[in-house]
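For reference, the structure discussed in these notes is given below.
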């Protein structure tokens, strides 16, 4: 009888161990999948950039510096090491700022703003930027869930035994945390 009780206890412990371990693996995979979604959107944005740059070039020849910066960042993102998420996001944040520069360039060229190809590319780019923002949010949510599992008992014991490492959150760039300055001039602008 004692042997049966010991066997039941061992089976229950083994099942709990397996369940907790599988939960950790699933959480880690969700975090990797969320990063993969960011990667997909970054690739999509990188694929849109050459078309956008070519469209803008025809209208804004003297704005070459802005366009070259965007192309340079696109190439750096494409060549960034796959495992270096922080570097990829740093370059992506710089790309987002540069894309805002293209939006600003377009304001100076009414014909460009009226161009159908430009409008379509800008709409796709805006949608992609929104998807990147959503994917970043999803990544941070899955990271929070995974990291919480790594820190709560009894999961933290198994995580330590099996060498599960915490995932790093994606930080908001300092420029985007700054409070925008709003000014209304005498003409209402």
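The values are calculated or read from the model by the stated rules, or taken from the named source; none is laboratory data. Just so it is clear, the model here is predicted, and its values are computed rather than measured. Methodologically, a virtual Cβ is constructed for each residue, glycine included, from the backbone with ideal geometry; neighbour enumeration extends over all protein chains shown.
Just a yes or no: is a residue in the stretch 162-170 free of Cβ contacts under 8 Å to residues at least 60 places away in the same chain, on the phi > 0 side of the Ramachandran plot and in a loop (DSSP other than H, G, I, E, B)? Yes, the stretch 162-170 has at least one match. Of all residue pairs spaced 6 or more apart or on separate chains, none has beta-carbon atoms under 7 Å together with a first member in the stretch 1-22 that is surrounded by fewer than 10 Cβ atoms within 10 Å (Cβ to Cβ) and a second member that is part of a helix (DSSP H, G or I) and modelled with pLDDT of 95 or more. A count restricted to the stretch 141-161 and to residues that are assigned to a loop (DSSP other than H, G, I, E, B), within 14 Å of residue 27 (Cα to Cα) and touching a residue at least 12 places away in the same chain (Cβ under 8 Å) stands at 0.
The residue that is surrounded by the most Cβ atoms within 10 Å (Cβ to Cβ), among those in the stretch 101-119 that are within 17 Å of residue 47 (Cα to Cα) and under 26 Å from the mean Cα position of the chain (by Cα), is 102. Here is a check on your reading of the model: is residue 92 over 15 Å from residue 52 (Cβ atoms) and assigned to a helix (DSSP H, G or I)? Considered against the rule, which asks whether it is over 15 Å from residue 52 (Cβ atoms) and assigned to a helix (DSSP H, G or I), residue 92 comes out as yes. Inspect the stretch 70-80 for any residue being in a helix (DSSP H, G or I), buried (at least 17 other Cβ atoms within 10 Å of the Cβ), within 21 Å of the chain's Cα centre (by Cα) and in contact (Cβ under 8 Å) with a residue 40 or more places away in the chain and give the result as yes or no. For the stretch 70-80, residues in a helix (DSSP H, G or I), buried (at least 17 other Cβ atoms within 10 Å of the Cβ), within 21 Å of the chain's Cα centre (by Cα) and in contact (Cβ under 8 Å) with a residue 40 or more places away in the chain: absent. For the stretch 108-140, a residue qualifies if it is modelled with pLDDT under 85, in a helix (DSSP H, G or I) and in contact with a helix residue (DSSP H, G or I) (Cβ under 8 Å, 6 or more places away or on another chain), and the qualifying residues are 112, 113, 117, 118, 119, 121, 122.
Here residue 86 meets the list (1) in contact (Cβ under 8 Å) with a residue 40 or more places away in the chain; (2) surrounded by fewer than 17 Cβ atoms within 10 Å (Cβ to Cβ); (3) more than 18 Å from residue 34 (Cα to Cα) almost entirely, failing just condition (3).
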